[in-house]
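Notes follow once the structure below has been shown.
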Amino acid sequence: MEIFEALRKDHERQRLLMKILVETSGDSDSRNEFYEELKASLENHAIAEERHFYAPLMDSDKTIEKSRHSIAEHHEIDELIAKLDETEMSSPVWLKTMKKLQSLVEHHLAEEEKEVFQQAGKVLSKKQKGELAEEYQQEMDTQS
């Protein structure tokens, strides 16, 4: 497996969780569970992705700008999660913020998959792609 497949697998899970969350309402147990799972997924994914995908890409002039941009978006995502944590789940503001988070994450994932992956594919060797996938997966496994 290459790093791209490992990342894409987590992206699909995040998309599904966000889709479920914007269709839920109120302060229910299921909404809480899905939100906690999404939050952990986004946080763990960002940390592992920055270590095992973006850090190596920062070494190349061809991918440093996109890497910085993506890492900055991780911080924007963190800020929205913090806002969600502070908002009453039954409040209409929570759903509005959740939809804003969904929009930002969807944009981030699409940009990453359509632009960053292509650039990274040219910068990373086949060996690096496999090793980074292993390292990424090991970190994700220890976080769950």
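Exposed loop sites here are GluC sites (Glu not before Pro) in DSSP loop states with at most 12 other C-beta atoms within 10 Å. What is the longest stretch of the chain lacking them?
Answer from the scan: 24-87.
List the trypsin sites (Lys or Arg not before Pro) in region 26-80 that DSSP assigns to loop (not H, G, I, E or B) and whose Cβ has at most 14 other Cβ atoms within 10 Å. Which are they?
Lys62
Below 8 Å, C-alpha to C-alpha, sequence gap of six or more: please give me the relative contact order for region 1-126 in percent.
Result for region 1-126 is 33 percent.
When the expected Rg is taken as 2.2 N^0.38 Å, what fraction or multiple of it is the alpha-carbon Rg of the chain?
1.09
Where Lys and Arg each count +1 and Asp and Glu each count -1, what net charge lies around Glu111 among other residues with Cβ under 15 Å from its Cβ?
Surrounding charge for Glu111 is -3.
So what is the accessible area of the chain per residue, in Å², with the probe set to 1.4 Å?
So the chain comes to 54 Å² accessible per residue, rounded to a whole number.
Please work out the FRET efficiency for the pair Met1 and Ala72, using the Cβ-Cβ distance as r and a Förster radius of 30 Å; give the result to the nearest 0.05.
Using R0 = 30 Å, I get an efficiency of 0.60.
Take the alpha-carbon centre of region 54-107, take the same for region 1-35, and report the distance between them in whole Å.
14 Å
Mind telling me which of Ser90, Ser67, Ser41 comes out most flexible in a GNM of the chain, alpha-carbon contacts under 10 Å?
Highest fluctuation among the options: Ser90.
What does the net charge come to around Arg8 if you take all other residues with beta carbon closer than 12 Å to its beta carbon, with K and R at +1 and D and E at -1?
Neighbourhood net charge equals -3.
What does the charge count near His69 come to, summing +1 for each Lys or Arg and -1 for each Asp or Glu among other residues with Cβ under 12 Å from its Cβ?
Charge balance near His69 sits at -4.
Output wanted: per-residue J couplings in Hz (rounded whole) for region 99-110, from phi through Karplus 6.51 cos²θ - 1.76 cosθ + 1.60, θ = phi - 60°, x for Gly and Pro.
5, 5, 4, 4, 4, 5, 5, 4, 4, 4, 5, 5
Tell me what the chain gives for mean residue ellipticity at 222 nm when only DSSP H runs of n ≥ 4 count, each as -39,500 (n - 2.57), the sum divided by the residue total, rounded to 500 deg cm²/dmol.
Result for the chain: -25500 deg cm²/dmol, rounded to the nearest 500.
Using a Gaussian network model of the chain with C-alpha springs under 10 Å, which one of Ala110, Ala48, Ala133 is most mobile by mean-square fluctuation?
Greatest mean-square fluctuation among the candidates belongs to Ala110.
With a 1.4 Å probe and all protein chains left in place, how much of the accessible area of the chain comes from carbon and sulfur atoms, in whole percent?
51 percent
The values are calculated or read from the model by the stated rules, or taken from the named source; none is laboratory data. Keep in mind that this is a model prediction, so the values were computed, not measured. Cβ atoms come from the backbone with ideal geometry, glycine included; neighbour counts cover every protein chain shown. The accessibility values were calculated without ligands, DNA or RNA, using every heavy atom of the protein model including side chains. Shrake-Rupley method; radii C 1.70, N 1.55, O 1.52, S 1.80 Å.
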